[in-house]
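Each value in this text was obtained by applying a stated rule to the coordinates, not by laboratory testing. As the structure is a computational prediction, the values presented were derived from the model and not from experiment. Methodologically, a virtual Cβ is constructed for each residue, glycine included, from the backbone with ideal geometry; neighbour enumeration extends over all protein chains shown.
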Amino acid sequence: MSATTPTAPAPVTPDPAGRGSAVGRVLGSRWLPLAVGGALVVLAAVLPLLAIEIPGILPGPTYMPGTLQLLSLCLIFAALALSYHLLFGTAGMLSFGHALYFAVGAYGLGIILQRTDMTLVPAIALTVLVGIVVALGLGAVSLRVAGISFAMVTLAFAQAGNVLVRRNAWLTGGEEGLRLNTTNVPEFLVGVLNTRNVYWLALALLVIVFLVVAWFERSRAGHVAVATRENELRVRVLGLRPFSARLVVFVIASALAVLTGTVYFILQSGVTPRASSADFTLTLLVMVVLGGVGSRWGAIVGAVVYTLLDQRLSALASSDAVASLPDVLRIPLSEPLFILGTLFILVVLFLPGGIAGTVRRVGSGRRATRAARDRLEEAE
Amino acid sequence: MSATSATDARTPSGSSAAGPILTVSSLSAKIKGQQVVEEVSFEVPATGVTALLGRNGVGKTSTIKAILGLIDRRGRVEFAGERIDGLPTFRIVQRGVGYVPEDREVFAGLTVAENLRLAERGGRPGARRALVDELFPDLVQRAQQSAGSLSGGQQQMVSLGRALVNENRLLLVDEPTKGLAPLIVQDVADALERAAQTVPILLVEQNLQVVRQLADTVVVIEAGRVVHRGLAAEFLDDEALVTRLLGVHAEADAPDAHPDDQNGGTR
Amino acid sequence: MSTVILLLITGLGLGALYFLVASGLSLIYGLMGVLNFAHGSFLTLGAFAGFELTRRLGGDRWEVFLASLVLGAAVGAAFAALTELLLIRRLYERHIEQALVTVGLSLATVALFEGIWGTDPIYVTAPDWLGGTTSILGATIPNNRFVLIIAAVLVLVGIVAFLRFTRFGLIIRAGVENRSMVTALGIDVRKAFTVVFAIGGAAAGLGGVLASHYFGYVSAHLGGSLLIFAFIVTVIGGLGSLAGAAIASVAVAVLQQFANYYWGVGDLVVVLMLAGVLLLRPSGILGKKVHA
């Protein structure tokens, strides 16, 4: 289609697959994602009651605490990746400091539980509130710049947070980390045997985060944020304010990360400074890109795949099979991050749309690769 | 507006029988998703000056950039019989195309001499260095001066010099007199006239007096499409046509008598 | 007074180290728009190469030490050039993807280093003088600081000379200002990309060997821990400006030393400096205009 006049802003509503093919038409219908999503949630909810085994991927049958622990971790990181997707994928804000809010959630809840008599739910609420305040403050400051400068400022603040965490051992446990004080935590969430309750909590978290992200993206504010990503000038010309739109997105994404951090703290019964490191944000970035930038379920899939891979590769690394290999093979295979890093490089080079983008290509052909690359670059 | 191809460019008298040096067919280009050049087709004869005219914002600079591959383009571009539309910019330029960009784009942090040296292909002294020195004695004097500290007119000399210093087979010159004082405008026009004796030029210009001095043929663009081609003299004499295609103030065109604007044409 | 001298000179030494890393980062970003997260790995590999050489040949001889410096620089340059040729080039003009690819590379290489050399820090041996100290105006200064400072000055002079007097240098200087105009003059800037990566890698590799003596050990995370500071310094000095990187390296390192000594908050001060600079002057002290 040729345009003789300046083109209208590109359509914002997500289009899971291209138009035209029969598969595309089915996949493109509005109710299918909802139906599939609902079915997946139900399936996930009953998993702890079943004895499904996926050897090589899951460490055991799905009713075992160990497996549920791993699956809960997947769900939590999926929620975190979703919150990062909102920031980076939807609003195009490349942040290197998202882990800070995750850490605020985990450490915040830990500190409140340790030092006050608050019960769990109010403690979580308070933590999220604190997170919102921090995000408002840091966000208002960081968003005065954009692009690379914004990324660097977020990195700087996250680094500061990391340093604060490490240095104030009296409050945060320093390098050792903070342990969960179970005094005011409901019984049913504590202990190995109750892992499946925490699993359900994590599932609820993911659903909530997903709904918030989806609702926001469909809202007017969300549309403004997307438009800001694609063409800031146009947004200004329309009399809207990119700064406000970005700040709103920033605060929501950060608040969701804080919430995710609290659930993580409960699951792991503690937290270590690694959660606030720049490395961790980069891991998040890897998850989102792996799954496919700009796609909600891509972020979920990317997080789940990454977490499972990380776990499985770690198990593989310490296995006997690998130990018996010659050095040339043994050394790379005994380092999960090496394989993940290499995988990531390959994805960026050859599958720029990530997993979601590759699936999309099934429906709409080669043009999607070009579009996927352009999509990534819009984040500048 | 449909393309009124009044006459296809009749080659000016005295030219060789060689075909056009540049043939553009159905050239289209986009910037950030917006169509800026739409199915543009024209030819540049192997001698003389062809002026690319049109109102502001109409797609003239984009056309030049599309020919050079500086922006995404589709369509067919042939230079001296060879297709260049798929080549990267530097290869096109290496084939013998000189470029004088709008806003000059001299390297402010480099000296005049360094700007010229950078342009000399292969790092060897340019074949036409003597001509450049002759045309712009001022630059010879200011060889060690940083290009960023030059006046607008001097920077324009540098920019022209960069394109002239090699033996090019075509020059693409984009608004060389923009923002220059009348005296300097004349200097630039004279230098171009001198250059045109040995190399064909595709010239984008708003200043119609300069066009009248230099151009043999004109191509007029509107909304990214060609709307007129023909001999320059005929076109410029037709006041009604000029006003219609280029706007009411077109012929009242004393050049924009702004004194030399701020230093530094770099982006 | 002697404390101040000590802090100043050790600050200069640290600043020299920052500069060795930041110089490459700055040039690479300035010319190519690439945020190179793998730069730390260039440093680490150079450090390990230097370490392996001294391990085999005996670390207390001066010739071996000097050879380790050269080897570190060479290895860093080679690694960097390969990275550019195999990974960065394929993603020409796609800056976010290029940055992402360097993220993946940094993750993979650090893991690989851990696999090969283990996770514990490995102590290095050096000629006796390096481990000793010299007294200046009452302050006792570890000698390796002097070597660092000299090395950084030499690198700075070397790069500046390269940029001033060679054709590649000319191309790079012009390209940092206006990349597309350079191509419009018929020059293939991509060759300059490899050269810039190689230069950055060489400086980083050299810095790696020197860092191993500064800290007293090598480890897989040596580069990473310095990289954050190098990024900060690069941004403060202005992405793309070598002079800016030099000034910022010294300023940040000296301030960090003082802040650390008197109040123990050196790291925080650095971070605050970055935030401050970015908010007041987004393009850094001497940087080219960053499009916001």
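Quick one: Debye curve from the C-alpha atoms of the stretch B:108-167, no solvent, what's log10 I(q)/I(0) at q = 0.21 Å⁻¹?
For the requested q values the scattering log ratios are -0.70.
Once you put a point 7 Å from the Cα of B:E239 and another 7 Å from the Cα of A:V133, both along the Cβ direction, what distance in nm separates them?
Reported label-point gap for B:E239 and A:V133 is 7.6 nm.
If all Cα-Cα distances of the stretch A:101-175 are sorted into 10 Å bins from 0 onward, what percent lands in each bin, rounded to whole numbers?
Spelled out bin by bin, the stretch A:101-175 gives 18, 43, 29, 9, 0 percent.
Given springs between every Cα pair under 10 Å in a Gaussian network model of chain A, which of A:S83, A:S142, A:S295 has the largest fluctuation?
Highest fluctuation of the listed residues: A:S142.
Spelling out what I want: for every residue of the stretch A:34-40, take phi, set θ = phi - 60°, compute 6.51 cos²θ - 1.76 cosθ + 1.60 (Karplus), and round to whole Hz; glycine and proline get x.
5, 5, 4, x, x, 4, 5
Highest GNM mean-square fluctuation, chain A, Cα pairs closer than 10 Å: which of A:L325, A:L259, A:L247?
A:L325
Once you place label points 7 Å from the Cα toward the Cβ at C:W129 and C:I116, how far apart are they in nm?
Distance between the two pseudo-spin positions: 3.1 nm.
Could you tell me what fraction of 2.2 N^0.38 Å the Cα radius of gyration of the protein assembly as shown comes to, as a two-decimal ratio?
Details: Rg = 31.2 Å, N = 939, 2.2 N^0.38 = 29.7 Å.
Compactness ratio reported: 1.05.
Springs between alpha-carbon atoms under 10 Å, Gaussian network over chain C: tell me which of C:L12, C:L87, C:L31 tops the mean-square fluctuations.
Evaluated over chain C, the most mobile residue of the options is C:L87.
Could you put A:L240, C:L14 in order, starting from the residue whose Cβ has the fewest other Cβ atoms within 10 Å? Walk me through the numbers before you get to the answer.
Numbers: A:L240 17, C:L14 25.
So the ranking, lowest neighbour count to highest, is A:L240, C:L14.
How big, on average over all directions, is the shadow cast by the Cα convex hull of the stretch A:61-377, in nm²? Mind dumping the intermediate values first?
On the way: hull surface 72.1 nm².
So the Cα hull casts an average projection of 18.0 nm².
Give me the Å³ per residue figure for the convex hull around the C-alpha atoms of the stretch C:2-280. Show your work: numbers first, answer last.
Values: hull volume 35.5 nm³, N = 279.
In the stretch C:2-280, the Cα hull volume divided by residue count equals 127 Å³.
Got a sec? How would B:K30, B:K60 order by Cβ neighbour count within 10 Å, fewest to most?
Numbers: B:K30 18, B:K60 26.
Final ranking by Cβ density, sparse to dense: B:K30, B:K60.
Peptide C:86-97: average number of partner chain Cβ atoms within 10 Å per residue? All intermediate terms of the calculation are to be shown ahead of the outcome.
Values: counts 2, 3, 0, 0, 3, 4, 1, 1, 6, 6, 12, 7.
Across C:86-97, the average partner-chain Cβ count within 10 Å equals 4.
Just subtract the alpha-carbon distance of C:I5 and C:K191 from 0.36 nm times their residue separation and send over the number in nm, one decimal. The partial results should precede the final answer.
Numbers: separation 186, 0.36 × 186 = 66.96 nm, distance 4.43 nm.
Stretched out fully, the C:I5 to C:K191 stretch lengthens by 62.5 nm.
To the nearest Å, what is the center-to-center distance of the stretch C:20-40 and the stretch B:174-230, using C-alpha atoms only?
42
Calculate the length of the line joining the C-alpha centroid of the stretch A:83-119 to that of the stretch A:278-322, in whole Å.
19
In nanometres, what is the gap between the two model label sites at C:R164 and A:W31, each 7 Å from Cα along Cα-to-Cβ?
Reported label-point gap for C:R164 and A:W31 is 7.6 nm.
Just subtract the alpha-carbon distance of A:A51 and A:L349 from 0.36 nm times their residue separation and send over the number in nm, one decimal. Walk me through the intermediate numbers first.
Details: separation 298, 0.36 × 298 = 107.28 nm, distance 3.88 nm.
Separation in residues times 0.36 nm, less the Cα-Cα distance, equals 103.4 nm.
List the residues, sorted by chain then number, that are 5 or more residues from B:V106 or on another chain and whose placed amide H is less than 5 Å from its amide H.
Placed amide hydrogens put B:G265, B:T266 under 5 Å from B:V106.
So, R0 is 35 Å and r is the distance between the beta-carbons of C:Y92 and A:A315; what FRET efficiency does that work out to, to 0.05? Before the final figure, lay out the partial values.
On the way: r = 39 Å, r/R0 = 1.11.
E between C:Y92 and A:A315, to the nearest 0.05, is 0.35.
What FRET efficiency comes out for the pair C:L279/A:N231, r = Cβ-Cβ distance, R0 = 35 Å, nearest 0.05? Kindly include the intermediate steps, with their values, before the conclusion.
On the way: r = 25 Å, r/R0 = 0.72.
Once rounded, the FRET efficiency stands at 0.90.
Each residue of the stretch A:78-89 in turn: what ³J(HN,Hα) in whole Hz from Karplus with 6.51, -1.76, 1.60 and θ = phi - 60°, glycine and Pro shown as x?
5, 4, 5, 5, 4, 5, 6, 4, 4, 6, 8, x
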